[in-house]
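Taking it in order: structure first as structure tokens, then the write-up.
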Amino acid sequence: MESLVNKNIILGVTGGIAAYKSAEIVRHLKKSGSSVRVVMTASAEEFITPLTMQALSGNRVSTELLDVEAEAAMGHIELAKWADGILIAPATANTLARLSSGRGDDLLSTITLAFDGPIALAPAMNQAMWRDSRTQENLDSLIGNGFTICGPDSGEQACGDVGLGRMLEPIDILDSFSSLFDQGVLVGKDVLITAGPTQEPIDPVRFITNRSSGKMGYRLAESAIQAGAKVTLISGPVNLDPPSNCHLVSVNTAKEMYEAVMHHIKDKDVYIGTAAVSDYSPIKSHDSKIKKDGSKSAMVLELKENRDILKSVSELKERPYVVGFAAETDNLIDNAKKKLNHKNLDLIVANDVSDKNIGFDSDDNEVTLITQKEQKLLEKQTKKKISNKIIEFISRRIND
Ligand SMILES: Cc1cc2nc3c(=O)[nH]c(=O)nc-3n(C[C@H](O)[C@H](O)[C@H](O)COP(=O)(O)O)c2cc1C
């Protein structure tokens with residue numbers, strides 16, 4: 001079930017006897033590395049408490065379509081956007097009918113209308129209800145609309161009947177649900193990424209920094225997560241939301257970033273250094289604001305060189321696959337190759353920051369990937385697409 005790593009899954013629970021088994025489904029989903037949000041119908045709450053599902057999923061359970069506490073009171077849209085997949089287990093005959101007719105009269109049915117990814121249903125009902133021609137017609141229509149049906153199983157039922165209609169065992173439901181997702185190219189890999197600038201304090205209100213929005217590092221983190229990796233993102237101060245399912249470590253100074261990297265680097269398979277780390281920081285950081293008293297027309301700031309994080313990582317005895325970035329204004333390829341050799345990197349991603357249409361604050365980028373043996377140009381495209389291609393490139397090198 002590795003394809004469920006880092007996936008955002010909505011588990012819909014409807015009002016059937018098998019609802020007690022949905023608690024076990026949450027546990028399996030969590031164990032597979034997914035984030036789970038549970039949505040329950042009103043009837044489902046008669047069979048299992050939202051509190052149980054909240055405790056197991058670690059997230060608030062949603063039950064109401066009209067929820068004023070949800071952001072902009074649009075919980076159904078937020079949840080549909082958040083999810084990578086929806087599993088409804090158990091799915092009652094009533095819910096099958098509702099979904100097949102495209103109704104949106106409660107939270108769960110509305111989410112399924114607003115969602116365009118994979119949806120799986122695990123029907124559970126009395127054998128006569130299952131055999132009923134209207135239930136079978138609803139199923140045909142759901143299958144025709146792209147829903148995946150898991151089960152049901154046959155055997156003894158809660159009501160004493162014997163036949164087809166029991167919900168499949170949770171582990172079997174998870175098996176077929178997970179097959180709806182691609183297995184990521186970085187499943188099972190641990191990736192450490194640095195992003196953003198650092199800030200080196202001169203006094204409490206001033207600092208030395210580098211220009212960096214952090215966008216490239218955050219996009220790479222997102223791509224690596226989607227590829228199934230476990231990602232730790234060490235970030236300087238930026239105005240970006242971290243991707244879900246990543247371990248974010250926030251730092252300010254180059255020293256803090258160095259220490260955080262050295263603390264988290266153990267057992268990592270890949271290190272990607274996109275952060276624009278200050279090469280120098282003030283020898284003395286003043287405790288109170290330096291005042292302008294008019295007596296000096298110049299001020300001398302003494303700086304010391306900071307430790308080179310990228311080089312320190314590549315010098316480790318048990319080093320990961322090390323990727324650096326070269327932001328250059330002149331002689332892009334030559335300078336990038338020098339950095340590749342000097343810092344003993346596996347891969348360097350070179351980009352020309354003199355071009356205002358790419359790099360830094362822009363959403364687009366154009367980069368050249370350089371290793372000891374190869375040189376590959378990724379022409380101008382969104383940072384998201386570039387980062388997907390970089391992750392794909394890295395995965396091929398480390399999986400060979
Ligand atoms: C004790 C009891 C058990 C039920 N079990 C099932 C069941 O296993 N499957 C089913 O389709 N309906 C079952 N029902 C009927 C549903 O609860 C009913 O159709 C309800 O409206 C379903 O609402 P929902 O689909 O919005 O959750 C049961 C009803 C009761 C009272």
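The values are calculated or read from the model by the stated rules, or taken from the named source; none is laboratory data. All values reported here derive from a predicted model rather than from experimental measurement. Here Cβ is always computed from backbone atoms with ideal geometry, including for glycine, and neighbour counts include all displayed protein chains.
Checking N145 against (1) within 12 Å of the ligand (Cβ to nearest atom); (2) surrounded by fewer than 16 Cβ atoms within 10 Å (Cβ to Cβ): exactly one of these is not met. Which one? All conditions pass for N145, except number (1). Taking the condition farther than 20 Å from N6 by Cα, within 13 Å of the ligand (Cβ to nearest atom) and in a loop (DSSP other than H, G, I, E, B), does R103 pass? So R103 fits the description; yes.
Those residues that are within 30 Å of S395 (Cβ to Cβ) and in contact (Cβ under 8 Å) with a residue 60 or more places away in the chain, I need them from the stretch 279-328; list them, please.
Of all residues in the stretch 279-328, those within 30 Å of S395 (Cβ to Cβ) come to 307-328.
Those that are within 30 Å of S395 (Cβ to Cβ) and in contact (Cβ under 8 Å) with a residue 60 or more places away in the chain: I309, P320, Y321, V323, F325.
Quickly run through the stretch 195-218 and pick out the residues that are touching an Asp or Glu at 6+ places or on another chain (Cβ under 6 Å) and without any contact (Cβ under 8 Å) to a residue 60 or more places away in the chain.
Of all residues in the stretch 195-218, those touching an Asp or Glu at 6+ places or on another chain (Cβ under 6 Å) come to 207-208, 213.
F207 - this is the single residue of the stretch 195-218 that is touching an Asp or Glu at 6+ places or on another chain (Cβ under 6 Å) and without any contact (Cβ under 8 Å) to a residue 60 or more places away in the chain.
In the set (1) within 13 Å of the ligand (Cβ to nearest atom); (2) touching a residue at least 24 places away in the same chain (Cβ under 8 Å); (3) under 22 Å from I25 (Cα atoms); (4) surrounded by 16 or more Cβ atoms within 10 Å (Cβ to Cβ), S109 fails one condition alone, (2).
Condition check ((1) within 19 Å of L121 (Cα to Cα); (2) modelled with pLDDT under 95) across all residues:
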| residue | (1), (2) |
| --- | --- |
| R60 | no, yes |
| A72 | no, yes |
| I77 | no, yes |
| I86 | yes, no |
| A97 | yes, no |
| D106 | yes, yes |
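The condition (being at pLDDT below 95, within 16 Å of the ligand (Cβ to nearest atom) and either within 28 Å of the chain's Cα centre (by Cα) or surrounded by fewer than 18 Cβ atoms within 10 Å (Cβ to Cβ) (or both)) is satisfied by just one residue among L11, L65: L65. Look at the stretch 296-322 and say how many of its residues are in a loop (DSSP other than H, G, I, E, B) and surrounded by 10 or more Cβ atoms within 10 Å (Cβ to Cβ). Total satisfying the criteria: 8. Within the stretch 346-388, the set of residues being surrounded by fewer than 16 Cβ atoms within 10 Å (Cβ to Cβ), acidic (D, E), assigned to a loop (DSSP other than H, G, I, E, B) and touching a Ser or Thr at 6+ places or on another chain (Cβ under 8 Å) comprises D361, D363.
Among residues of the stretch 243-264 that are assigned by TED's automatic domain parsing to the domain that holds W82, none has a Cβ under 9 angstrom from a residue that is among the acidic types (D, E) and part of a strand (DSSP E or B) at a sequence gap of 6+ or on a separate chain.
Considering only the stretch 112-176, give the strands (runs of 3 or more DSSP E) lying wholly within it that have at least 3 residues that are of a type in the set (A, V, I, L, M, F, W, C), assigned by TED's automatic domain parsing to the domain that holds A93 and at pLDDT 95 or above. Give the steps one after another, and end with the answer.
Details: elements: 119-123, 153-156, 162-166.
Ranges flagged: 119-123.
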